[in-house]
1. For the charge dipole of chain A, defined by +1 on Lys and Arg C-beta atoms and -1 on Asp and Glu C-beta atoms about the Cα centroid, which residue among A:374, A:135, A:420 has the Cα displaced farthest towards the positive pole?
2. Only helical DSSP H runs with n ≥ 4 go in: add -39500 (n - 2.57) per run for chain A, normalise by residue count and round the 222 nm mean residue ellipticity to 500 deg cm²/dmol.
3. Suppose R0 equals 22 Å. What FRET efficiency, 1/(1 + (r/R0)^6) with r the Cβ-Cβ distance, do residue A:389 and residue A:493 give to the nearest 0.05?
4. Could you grab the relative contact order for chain A? Cα pairs under 8 Å, six or more apart, rounded to a whole percent.
5. Work out, step by step, the length gained on full extension between residue C:22 and residue C:50: first 0.36 nm times the residue separation, then minus their alpha carbon distance; give nm to one decimal.
6. Could you give the length gained on full extension between residue C:64 and residue C:6, defined as 0.36 nm per residue of separation minus the Cα-Cα distance, in nm?
7. Only loop residues by DSSP count here, and only those with at most 10 other Cβ atoms within 10 Å; note down the GluC sites (Glu not before Pro) in region A:299-374 that meet that.
8. How far apart, in nanometres, would the label points at residue B:35 and residue B:291 be if each is projected 7 angstrom from Cα along the Cα-to-Cβ direction?
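The values are calculated or read from the model by the stated rules, or taken from the named source; none is laboratory data. From a predicted model like this one, the values you see are computed outputs, not experimental measurements. When we count neighbours, we look across all protein chains shown, and the Cβ atoms used for this are built from the backbone with ideal geometry, even at glycine. These area figures cover heavy atoms from the full protein model, side chains too; ligands, DNA and RNA do not enter into them. Shrake-Rupley method; radii C 1.70, N 1.55, O 1.52, S 1.80 Å.
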Amino acid sequence: MNLGQGTCPRVPRVLAMKRVVGHESWDKGPVPVSQVSKDERKVIMKYEVVIGLEVHVELLTKCKLFCSCPNRFVSEPNLNTCPVCLGFPGTMPQLSREALNQALKASLALNCEVALYSYFDRKNYFYPDMPKGYQISQYYIPLGSRGHLEIDDDQGKLKKIGVGRVHMEEDAGKLIHETTGGIAIDSSMVDYNRAGVPLIEIVSEPDLRSSGEAKRYLEKLKSMMQYAGVSDCKMEEGSLRCDANVSLRMPEDEAYGVKTELKNMNSFRAVERSLDHEIKRQAELLDQGEKVITQTLRWDEDKQQTIVMRSKLEADDYRCFADPELVPIELTAQEVENARQNLPEMADERARRFVKDYGLPGYDAGVLTSSRCLADYFESCLQLFNKPKEVSNWVMGEFSARLNNAGLEADQASFTPEDMAELLKMIDKQEISGKIAKEVLEKAFQSGKKPRRVVEEEGLLQISDQSELEAIVDRVISENPDTVENYRGGKSKALGHLVGQVMKETRGKANPQLVNELLVKKIDG
Amino acid sequence: MELRKTSIHQAVEAVQQGEITAFELIEKTLKNCSVLDEGLNIFNSIAGIDALEQAKAIDQKNEKGGNLPLAGIPVAVKDDLCYGVLPTSLGSAAFNEFMSPVTAAAVERLMDAGAVVIGKTNLDDMGQGSTTLSSPGGPTVNPWQAERTAGSAGAAAVATGICMFALESDSGGAQRQGASHCGVVGLRPTTGRVSRYGLNTHCSSFARVGITAFSCENIAGVLDILSGFDERDAATAVCREGITEISKIPNSDKLTIGYPVNAFDFLEPELREVFEKARDEFAERGYKIAEIDLGLLREGLQAYYVIALIEASSNHARFDGIRFGKTGESEILEEMYQHSRAEILGKEARRRSIFGTYLLSKGNYDQYYRQALKVWKMVRQEFKKAFDQCDLLMLPAAKKLPRLLNEEYSFLDEYFEDLFCAPVSLSGMPALTVPAGQVNQLPVGMQLVGPPFSEKTLLALGSWDTGTGPLSQE
Amino acid sequence: MDDISKGLEKAIKVIKIKVSSSEQEQLQRELKEFLTWLEPMLLVDTGQTEQQFFGHDAVNVLRDDHPRQSELAELQEAAPKFAGGFYLVPKILE
Ligand SMILES: [Zn+2]
């Protein structure tokens, strides 16, 4: 498995900037502080927050988990369906090899023990989005178990978060409830395109102690899944979904408090906000001597509040049993070991390599590797222009800012690594100044034109021709006698003003170093 | 050509050499079919023009020298095996007009080999039963005695000579008991031998696609075509090749036949006599008889029902009235479910789904399901151990003579009739039902059970005494 | 109501089948008979025997990752209520 292989996972730039590299020796960005006021925090501080996350990740495969329908997003409803994923009589599931490989990679990336023998179970319940009346999942024996990943806790110290289990399962379809007009006002509509899409469910141990930790866990998980090539993890598109279990207890308590389940958190920000909201709600209840009751709550992003979906009086009974239509999965220790050896490089590892091989500061390495896409972009540039720190500055700075504004990922930008290298070479050869280069990047980024073409069309090449500059310098000296006097009188700042005038005359194209030299020579000489 | 007196091999040769066209053969079959079906209620649907079109196409291929191994051979297919050309009723009134987008792998293979599906045969409520008495369209009448059930419609189709063989599912013994009741031969193959893709089953662990025919020779030819790996049924991964022809009848001094003494204690004396005679005849021919112990027949049967009902509750959950079948009118989702499912599932299917749900519920799981799964394993071990002492073993197929159509009986009486078949289903081993004798002018069949993939030996031994169909007596 | 009858009522609800009250009464009787009928199996001393989960011996049967689009018309024709590319169900109020 090579780094460059497969679809490049995408990560919104906003998140990338906030990512904290999980290694002690690196510079760390600021640990994000949640949006809770000081007073509120005091109330909450009394209690220990206990959070566990259940994360569903859509696997990158060409087919669905148990049939050959394409596993890709399409807008036309029920296009990616077949007798198998619609549960037609007589059909049987056929397990995808690629989905198994992906789930195995995910388990290993999360440091799980891999079950050498596992199988699929049926989780029986009715809902219109569930074609067979049951979901095929791994209930009794998950493929991966007892894993962990590392995040920074709120004090910036490294902390291990347990990953209880990683198991494969099929996704359900989608229900659409139209309120007005449309096909049928009195009907809900079912689209089974997503039914049977391969998922892994990753269940953390209740090791998270704040909304910030939960968010960083999720970010870390996302980055790892992207690096492993397991999923593109687009939370907004539903290829990464997160439910949370939240409870509070007194720090000295051993038993966990009554937990509630939070659903429908569709962005990283929503995860953090809804957790804060729920923690606050529970703390207030407890403070008033009331009890938290077991509930499933839905986060309403518009109203910024939770809504009770249902109160569970008794636990659901899914009547799980081994699916008799599928065959067990047997792996040898050697096969698992081979898969482990072939795991792609993870973010932390790559960041360490950036520090070691390219001499980058830890901060740069952290930001660049926050998304596999951006890191790939950086290394592609480096192949063409081998000055790591300069490339890093431009990729992290101007380029990322443009991406962010446009809401694009590095591999979606028309400004390719070749373009970046061309731009940096022009600066290097003093054909353009850094300031002009920013302008060129902006224009090339927007128009898709090659940087050199932008420079040529706009006449932006740096003026380093002495005779051409001398004429302008002479004119500036004659037009600014006062400033020249000031400079002669010892005010060295005045020279800067004169340089500025020359730059203005040349629309920034003059070689600043040369202008400086010429001015000094002319005035002093 | 009299189909009952002709082997598939002979019929195919006749078609290939132009003595009769596939079209003529099928035309004749269809005529026969409509006459005989009248009183017996064998078919849910009959192919008619489609079958004739197919026969025409086969004749054309034949002229071009295509050597189709089943050229023009008429076959009846049980109505839980999906077939895109005729409706697939699954044994539900709500599916009488259901055109399945799927055609069962086994049917596909037969059609590729030149066989022509002439109709879909009757079955119990969602395929759940061994009598056809719970069929929404009423029972299939036994060709031997019109006041009794045939047990299975495919067996009746073969016994009457309508078609040369039938494709039938078998979970707890429907096919085997049908063969016994109609005096024909039925093979339930080894687990993984024949793809079940396209078989709508209430019980995935035990359902197999079997072949019912007039002779072992006919079964062997068809089994050869059906055997082998199909990606769509993972269980077939253990079977990569077919069988070729029946071997010679095994040398008697090399074969030991197991006789499970306790099994026959469950039978009425006149039935027991048939098997004792059969045993003695084996002995006379020089086969060694080894008395063996199958002590878990009754408990195996009970374990079978726990597992089968649990699987049915889950397998039939897909019948929700949304994607296929009929939908129960209601503006409330919950009611829509309840009405749809009550309409699609008949009384027996409802009972099984509800009891299965009860058995699998929290609190009951350990007591019933876990125990049943352990007993399942013990039964498998018991059969395996039996084959340390013998090469094949003989068992009755049915516990009683075919049921009278107007007889009062409880659901447990019916379950109990699978006593000799269900434990064999648990074992996963192949079973061949062959006529063993008669009681009160009714045929009585015997199961010959062998270790996995021993079909060749079973069929060889089974060909010793067949051809006792009802009409062969005339 | 005894435990078995309660369990039966729950099962009927869970499996979503409309059952008339007379059928439910009959099922109540029959379930009790059935559970009694199962008793010999419950008494089998299974000792250390493991559970048998599958009726087959196959393992690791895996399908290659080659996507294929299916013919949709015949699939969708089977649906009792289908419009605008969607399967329709009674309105679900969230
Ligand atoms: Zn599909």
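1. A:420
2. Theoretical 222 nm ellipticity from helices: -11500 deg cm²/dmol.
3. Step by step, r from the Cβ atoms, then E = 0.15.
4. Relative contact order for chain A comes out at 17 percent.
5. Numbers: separation 28, 0.36 × 28 = 10.08 nm, distance 4.06 nm.
Full extension of this stretch gives 6.0 nm more.
6. Result for the pair: 16.2 nm of gain on full extension.
7. Working: sites: A:301, A:314, A:325, A:330, A:335, A:337, A:345, A:349; in loops: A:301, A:314, A:325, A:345.
Counting only loop positions with at most 10 other Cβ atoms within 10 Å, the GluC sites (Glu not before Pro) in region A:299-374 are A:314.
8. Computed distance between label sites residue B:35 and residue B:291 equals 5.2 nm.
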